[in-house]
1. Which sequence of E169, E155 reflects their accessible areas, 1.4 Å probe, from the largest down?
2. Ranked from the most accessible area to the least, with a 1.4 Å probe and all protein chains present, what is the order of M178, M87?
3. Any chance you could look up the accessible area of V78 with a 1.4 Å probe, heavy atoms only, rounded to 10 Å²?
4. At 1.4 Å probe size, what's the solvent-accessible area of M44? Round to the nearest 10 Å².
5. How large, in percent, is the carbon and sulfur part of the accessible surface of segment 1-80 at a probe radius of 1.4 Å?
6. Mind giving me the nanometre distance, one decimal, between the label points for N218 and L60, set 7 Å out from Cα along Cα→Cβ?
7. For R148, tell me the accessible area in Å² from a 1.4 Å probe, rounded to the nearest 10.
8. Which lysines, if any, have their Cα less than 24 Å from the Cα of K66, not counting same-chain residues under 8 positions apart?
Amino acid sequence: MKREIFTTTLFLAISILMTFSALLGLIGGTIDVFSVLLAISFWMLYSNAKSGKALSGFGLGIGTVKAMWIVGWVITGVFAVVGIMLMFIPKSVVSSAIDYSVSITGPGSEEMLDSVLDFFSQYGVIWLGVALLLLAVVIAVVNILYNRRFCQFTESLRDCMDKPEWFPEEAEPLRKWMLVLGILSCLGIFGYVFNDQSSLQNVCRGVSMILGSVWIRNLDDYRLEEIIIQNTPSNEDSWYS
């Protein structure tokens, strides 16, 4: 019964959406390594569960989730340090650095860097530093409340495969956060490039997270069904009772 949770139509849909999101990133030139690895992990779990083989996709999936956790803290630290530095660096120094960036990156980046300069002229470098600090706080919160629970859930789910009773850790809080982040992704909150392809990629990722939330909620139904099957006497037991 436990293996059947990876052969459901819902899990198949999640795998397809994650694959489509990863392919859109590859086509657009923005490789989402985590989406690629998670998609491979999902397909390994689906195919192995379908064919009755050992569930070898857990290792890749857990490693990917742990990498997301580590990278999240690295990005948090970088944004926090840069934000603090920008709050104390004179605006003239930052402007000179941007002018140098234009000279080495070529004309393709002039429009983006000009918009950055306009931001500096209107709001100042201090506000950019404050914005980066706030962004670091948001990433840290998501890392603690989502990525950490994702790590605990995947490891617990793997361990439950070899136990008679299974109660995956952090399932309920993870399910709620996955639903919230999936909706925000569908709305384009996490998109740093705004075009049709990026929007479609965000929608695919968001819908896969929403379906993932539903899939986690359905684990209780599968668990209760397995308990009922285990506690139901067979026909032979009923005959001799």
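1. Result, largest first: E169, E155.
2. If we order M178, M87 from most to least accessible, we get M87, M178.
3. 80 Å²
4. Surface accessible to solvent at M44 totals approximately 60 Å².
5. Of all accessible area on segment 1-80, carbon and sulfur atoms account for 76 percent.
6. 2.2 nm
7. Per-residue accessible area (R148): approximately 70 Å².
8. K2, K163, K176
The values are calculated or read from the model by the stated rules, or taken from the named source; none is laboratory data. From a predicted model like this one, the values you see are computed outputs, not experimental measurements. No Cβ is skipped: glycine too gets one built from the backbone with ideal geometry, and neighbour counts run over all protein chains shown. Only protein heavy atoms, including side chains, enter the accessible area calculation; ligands, DNA and RNA are left aside. Shrake-Rupley method; radii C 1.70, N 1.55, O 1.52, S 1.80 Å.
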